[in-house]
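Reading through the structure tokens given below for one structure.
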Amino acid sequence: PNGVGEVYDYYVQSMDSIFILSTYKVSLIDSSGNVLKKYALNKDAKGDEDGLDFISSKGSIGEHRMHLNEESGTLYLGLRKSIAREKKDFYESSIVTEFLWQDGTRKNLDLFYSEPYKEDDNYYAYLSYPNMRYYQNKLLVTFPIEPNIYVYDINTNQTKKYGGRSRFIKEEVATPLSRENIDANVHMAHLSSNALYLDVIPDPYRDVYYRF
């Protein structure tokens, strides 16, 4: 009864209120490891399609950070469709969901993959997972293949795009592979031969973002 599955992410509200994210569920545990509640993420979702899965930072380039808005009781979780990433449909769904842990319902946000991922034969293999950070009622989203920073305002449901290109990188967007190419060795070579845009860190004192 206290099993939570493979842990992908966690958020500590207090020592007796710890949220654990695994592939298909969120668990609420206390400091002794007792499971207080479990929420199945793919069952009885309202206003949502079936076959949706939650992405984790484990084993991927992209990094989602689970966050709880303690005032509203809303968890923000990374989302992906449960199909192979070389399929074009993988990039058509929302990448973030709001999860109301009090009643177990969720709603996908109007936040999606950037345009290069959606082009017909573009495939970026290990560079297919976005980064997300919660900051001051906003979600800061970046993608490994391109320099832009996307800032989603939770209150207005609007996204603004800010350029973040480095003068030291010749190509603005990574070179795509063909969607037909599923060779892992080719994917590793592709990963090491392209620029990699990582997570952003906000600076509240200077009102700027830093990225590595």
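Every read-out reported here was derived from the displayed coordinates using simple, explicitly stated rules and does not represent laboratory data. A quick note: this is a predicted structure, and the numbers were derived from the prediction, not measured.
Search the structure for amide H atoms under 5 Å from the amide H of GLU86, placed 1.01 Å from N in the peptide plane, and list their residues when 5 or more places away or on another chain.
none
Which angle between 0 and 90 degrees, to the nearest 10, do you get for helix 184-193 versus the longest principal axis of the chain when only C-alpha atoms count?
Result, in degrees: 70.
What residue among ASN185, ASN137, ASN148 shows peak mean-square fluctuation when the chain is described by a Gaussian network model with Cα springs under 10 Å?
ASN185
What pairs from LYS38/LYS161; LYS81/LYS138; LYS25/LYS118; LYS81/LYS170 go past 26 Å between their alpha carbons? All intermediate terms of the calculation are to be shown ahead of the outcome.
Values: LYS38/LYS161 36 Å; LYS81/LYS138 23 Å; LYS25/LYS118 28 Å; LYS81/LYS170 32 Å.
Too far apart for the 26 Å limit: LYS38/LYS161; LYS25/LYS118; LYS81/LYS170.
Which three numbers, in whole Å and largest first, are the semi-axes of the equivalent ellipsoid of the chain derived from its Cα gyration tensor as √(5λ)? Each step should come with its number before you reach the end.
On the way: eigenvalues 174, 86, 52 Å².
Those come to 30, 21, 16 Å.
With each run of n ≥ 4 DSSP H residues scored as -39500 (n - 2.57), what mean residue ellipticity at 222 nm is computed for the chain after dividing by its residue count and rounding to the nearest 500 deg cm²/dmol?
Numbers: 2 runs with 14 residues, N = 212.
About -1500 deg cm²/dmol.
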